[in-house]
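Written out below as structure tokens is the structure these notes cover.
The values are calculated or read from the model by the stated rules, or taken from the named source; none is laboratory data. No experiment lies behind these values; they were computed from the predicted model shown. Backbone-built Cβ (ideal geometry, glycine too); neighbour counts: all protein chains shown.
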């Protein structure tokens with residue numbers, strides 16, 4: 001079972017020490033700060049699932065260094081961006097990958 005915790009405020013050491021601003025994740029304002037990656041901002045605010053496998057299993061951060069492609073999100077309309085290596089920018093719009101409504105048996 002996956003537990004997702006959402007918080008409006010990032011912890012003090014949220015992975016960035018710079019200017020604080022918001023990004024939009026799936027239409028929701030999320031706190032972020034300069035120096036963070038998209039993944040760091042999402043995790044710091046309680047977002048643990050970044051997408052789903054074709055069968056609908058949740059996916060999140062795995063390697064954290066841009067090697068595994070488990071954290072793919074859409075950033076400002078550009079699909080398949082690795083959240084763990086993409087720096088946040090004020091006003092950025094991020095979409096996670098929703099679970100498919102159908103499954104063809106392959107993962």
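Does the stretch 50-57 contain any residue that is in contact with a strand residue (DSSP E or B) (Cβ under 6 Å, 6 or more places away or on another chain), within 17 Å of residue 97 (Cα to Cα) and surrounded by 19 or more Cβ atoms within 10 Å (Cβ to Cβ)?
yes
Looking at the stretch 34-72 only, could you name the residues that are touching a helix residue (DSSP H, G or I) at 6+ places or on another chain (Cβ under 9 Å) and under 17 Å from residue 93 (Cβ atoms)?
Listed by number, the residues that qualify are 36, 47, 50, 71.
Quick one: what pairs do we get from the stretch 63-91, first residue at negative phi and in contact (Cβ under 8 Å) with a residue 60 or more places away in the chain, second crowded, with 17+ Cβ neighbours inside 10 Å and in a loop (DSSP other than H, G, I, E, B), C-beta under 8 Å, 6+ apart or different chains?
88/16; 88/36
Take the stretch 73-107 and flag every residue that is surrounded by fewer than 10 Cβ atoms within 10 Å (Cβ to Cβ) and either modelled with pLDDT of 90 or more or in contact with a helix residue (DSSP H, G or I) (Cβ under 7 Å, 6 or more places away or on another chain) (or both). Working first, answer last.
Taking the stretch 73-107 first, the residues surrounded by fewer than 10 Cβ atoms within 10 Å (Cβ to Cβ) are 77-78, 101-102, 104-107.
77, 78 - these are the residues of the stretch 73-107 that are surrounded by fewer than 10 Cβ atoms within 10 Å (Cβ to Cβ) and either modelled with pLDDT of 90 or more or in contact with a helix residue (DSSP H, G or I) (Cβ under 7 Å, 6 or more places away or on another chain) (or both).
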